[in-house]
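Worksheet: one structure, shown below.
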There are 2 protein chains.
Amino acid sequence: MQLPCEDCPIRYRAVCATCETPELTELEGSKYYRRYEAGQTVVLSGERMDFVASVVSGIASLTQTLEDGRTQMVGLLLPSDFLWRPGRDSSPYDVTAVSDLLLCCFRRRPFEGLLRSSPRIAARLLDMTLDDLDAARDWLLLLGRKSAREKIASFLTILARRDAMLRQAQTPGLVVLDLPLTREAMADYLGLTLETVSRQISALRREGVIALDGKRRVIVPDFNRLVAESGDDSDGGLPS
Amino acid sequence: MQLPCEDCPIRYRAVCATCETPELTELEGSKYYRRYEAGQTVVLSGERMDFVASVVSGIASLTQTLEDGRTQMVGLLLPSDFLWRPGRDSSPYDVTAVSDLLLCCFRRRPFEGLLRSSPRIAARLLDMTLDDLDAARDWLLLLGRKSAREKIASFLTILARRDAMLRQAQTPGLVVLDLPLTREAMADYLGLTLETVSRQISALRREGVIALDGKRRVIVPDFNRLVAESGDDSDGGLPS
DNA sequence: CGAAGCTTTGATTTATTTCAAGTACAGTGG
DNA sequence: CCACTGTACTTGAAATAAATCAAAGCTTCG
């Protein structure tokens with residue numbers, strides 16, 4: 001049930017990445033897992049949240065909703081991402097398990113103490129937060145200025161790069177991607193309607209930029225072609 | 001020329017907010033000021049950046065630009081905001097002085113050392129970064145799901161609240177705001193064109209939600225009315 | 001006064017949304 | 001094994017919000 005930290009798939013990516021043995025032992029002693037099925041709510045906006053957690057496997061979303069029901073995803077948590085803000089006790093967003101989800105959790109108070117006593121963990125959390133902020137700023141550009149087509153292409157490149165990063169691989173020319181999100185969740189991520197998402201995916205398929213195997217598996221024959229469709233500066237990514 | 005830290009207008013809001021006398025003395029010894037005129041570039045994207053800084057007065061923007069010239073603002077730095085990411089030596093964004101700007105600067109290397117030796121400063125920086133991340137996430141909602149009209153109303157409420165925050169006041173019913181941005185810069189912030197910004201401001205004026213005194217001074221007779229136009233949950237702000 | 005920069009307003013076009021069917025597919029139970 | 005249901009997805013036609021193209025108004029500054 002309880003995976004030893006040494007064998008954890010996110011050991012060198014998560015908030016505990018830079019921990020040495022003594023800290024790791026302390027974490028290991030107090031950690032516990034939570035599992036959620038796809039679609040389940042982890043916490044609702046405004047609800048008390050008395051644990052912090054790393055995503056071990058699966059995907060979770062953070063969403064905000066306007067009074068009239070319009071919703072925007074504001075965070076997509078992939079394995080190794082960290083869930084929660086120290087020093088705050090209720091969630092400002094809805095957190096939902098997008099796929100089956102495994103969280104490695106710690107009670108909030110003890111973790112906050114550890115954060116004070118261990119500069120290494122604090123530094124790692126700062127670093128991860130700064131990465132999140134950079135990602136959010138790229139996302140602002142996407143939402144504010146990109147066309148629907150560019151949004152879809154950008155989203156696919158983001159997924160492909162995140163995936164390559166986790167597997168410590170380079171993004172090759174040919175990429176096979178399993179979309180973790182429904183068309184509706186993609187629409188919430190991209191600030192579009194699900195119909196527009198569907199249409200743009202169809203258009204990219206018609207033009208040979210991508211191919212589909214079923215509804216959820218995307219084959220990208222030429223990753224650079226996809227990047228070119230994303231509207232980003234060509235030099236943003238890895239060579240070849 | 002050199003303002004003593006005790007008299008600094010952002011003493012209790014900036015990254016140094018929680019510093020005690022010894023740390024403050026160390027900071028005070030190595031700080032230096034930089035001034036920029038409205039419109040001047042602070043750093044360009046990709047350029048080496050060997051200092052970190054707090055905004056003392058004035059406003060700076062962070063912007064990203066696509067190859068074809070479309071630009072999106074991704075950060076608006078007001079007094080007390082902190083400029084730069086420790087551990088990275090080139091800026092990922094263009095930083096521009098929107099108004100006349102005064103920065104309180106520290107050389108990057110020594111500051112990074114201080115960050116390692118002073119948990120108080122590190123904790124403060126984490127806290128500020130988390131605030132930035134929350135603000136960025138609200139911004140995602142604005143860009144992804146709000147109408148042009150709601151975007152303008154939201155922007156005005158954000159400015160009013162930030163202003164009240166700095167002055168430690170409550171946002172009263174009647175608010176007078178000086179817009180720090182041109183219509184074009186507002187458009188870059190909101191993911192609109194400058195014409196749409198102008199039209200929506202005119203529409204809000206026609207309907208009495210706001211009044212204008214010149215092009216840049218906005219009078220809000222009823223702050224709650226403005227908030228209602230912003231599309232946000234009504235309970236987000238301060239009472240009355 | 002004239003030029004430049006910022007802003008407003010109008011007319012038109014267009015990308016995306018909205019409304020509306022319809023298809024594909026997996027799971028369930030007869 | 002096959003109809004049946006529900007969910008996810010696709011596609012079409014019409015409506016619409018915002019962009020684009022174009023012109024003119026207001027300030028400020030030399």
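What shape does region B:23-84 have by the C-alpha gyration tensor, where a ≥ b ≥ c are the square roots of the eigenvalues, rounded means a/c under 1.5, and otherwise prolate means a/b greater than b/c and oblate the rest?
prolate
Under the classification rounded if a/c is under 1.5, otherwise prolate if a/b is larger than b/c and oblate if not, where does region B:136-240 fall, given a ≥ b ≥ c as square roots of the Cα gyration tensor eigenvalues?
Rounded is the answer for region B:136-240, as its axis ratio a/c remains below 1.5.
Taking the Cβ-Cβ separation of B:LEU66 and A:THR65 as r and a Förster radius of 41 Å, what is the calculated FRET efficiency to the nearest 0.05?
0.90
So what's the back-of-envelope 222 nm ellipticity for chain B, counting only DSSP H runs of four-plus at -39500 (n - 2.57) apiece and dividing by all residues, rounded to 500?
Mean residue ellipticity at 222 nm (helix-derived): -12500 deg cm²/dmol.
Estimate the FRET efficiency between B:GLU184 and B:ARG162 by the formula 1/(1 + (r/R0)^6), using the beta-carbon distance for r and 22 Å for R0, to the nearest 0.05.
0.60
Which of B:LYS31, B:LYS215, B:LYS151 moves the most in a Gaussian network model of chain B with Cα springs under 10 Å?
Answer for the Gaussian network model of chain B: B:LYS215.
Rounded if a/c is under 1.5, else prolate if a/b is larger than b/c, else oblate: which is region A:5-139, with a ≥ b ≥ c the root eigenvalues of its Cα gyration tensor?
Verdict is prolate for region A:5-139.
For region A:146-163, what does the Karplus curve 6.51 cos²θ - 1.76 cosθ + 1.60, with θ = phi - 60°, yield as ³J(HN,Hα) per residue in whole Hz, taken in order and with x for Gly and Pro?
Whole-Hz 3J(HN,Hα) from phi for region A:146-163: 8, 6, 4, 4, 5, 4, 4, 4, 4, 4, 5, 5, 4, 4, 5, 6, 4, 5.
Please report, for A:ARG116, the nm distances (one decimal) from its label point, 7 Å out from Cα along the beta-carbon direction, to the equivalent points in the remaining copies, shortest first.
Its label point is 2.5 nm from the equivalent points in the other copies.
If amide H atoms are built 1.01 Å from N in the plane of the peptide, which residues on other chains or at least 5 residues away come under 5 Å of the amide H of B:ASP81?
The answer is B:VAL55.
Pop out the ³J(HN,Hα) list for region B:108-120 in order, Karplus 6.51 cos²θ - 1.76 cosθ + 1.60 with θ = phi - 60°, rounded to Hz; leave Gly and Pro as x.
For region B:108-120, the Karplus-derived couplings read 5, 4, x, 5, 4, x, 4, 5, 6, 8, 10, x, 5 Hz, x marking Gly and Pro.
Can you sort B:GLU184, B:GLU28 by how many other beta carbons sit within 10 Å, fewest first?
So the ranking, lowest neighbour count to highest, is B:GLU184, B:GLU28.
Which of B:GLY39, B:GLY69, B:GLY113 ends up with the largest GNM mean-square fluctuation for chain B, with Cα atoms connected below 10 Å?
Answer for the Gaussian network model of chain B: B:GLY69.
Taking amide H positions as placed in the peptide plane 1.01 Å from N, state which residues far from B:ASP232 in sequence (5 or more) or on other chains have amide H under 5 Å from it.
none
With charges set only on the Cβ (+1 for Lys and Arg, -1 for Asp and Glu), what does the dipole of chain A come to about its Cα centre, in debye to the nearest 20?
I would put it at about 220 debye.
Mind listing the long-range amide H neighbours of A:ASP94? Cut-off is under 5 Å, sequence gap 5 or more, other chains count too, H placed in the peptide plane at 1.01 Å from N.
Result for A:ASP94 returns A:SER45, A:THR63.
Would any residue of region A:74-118 have its amide N under 17 Å from a label point 7 Å out along Cα→Cβ of B:GLU20? List them or say none.
Backbone N within reach: A:116-117.
So which chymotrypsin sites (Phe, Trp or Tyr not before Pro) in region B:1-91 end up in coil per DSSP with only 11 or fewer other C-beta atoms within 10 Å?
Taking region B:1-91 and a limit of 11 other Cβ atoms within 10 Å, the loop chymotrypsin sites (Phe, Trp or Tyr not before Pro) found are B:TYR12.
Going 7 Å from Cα along the Cα-Cβ axis for the label, what nanometre distances separate A:THR193 from the same residue across the other copies?
2.2
Would you kindly derive the ³J(HN,Hα) couplings of region B:74-84 from the backbone phi angles with the Karplus curve 6.51 cos²θ - 1.76 cosθ + 1.60 (θ = phi - 60°), listing them in order in whole Hz, with x for Gly and Pro?
Result, rounded to whole Hz: 10, x, 10, 9, 9, x, 5, 5, 10, 10, 2.
Binning at 10 Å from 0, report for chain B what percent of all alpha-carbon pair distances ends up in each bin.
Percent of Cα pairs in each bin: 7, 30, 34, 21, 8, 0.
Only the coordinates and a few stated rules stand behind these numbers; no lab work does. Keep in mind the model is a prediction, meaning the values are calculated, not measured. All Cβ positions, glycine included, derive from the backbone under ideal geometry; neighbour counts span all protein chains shown.
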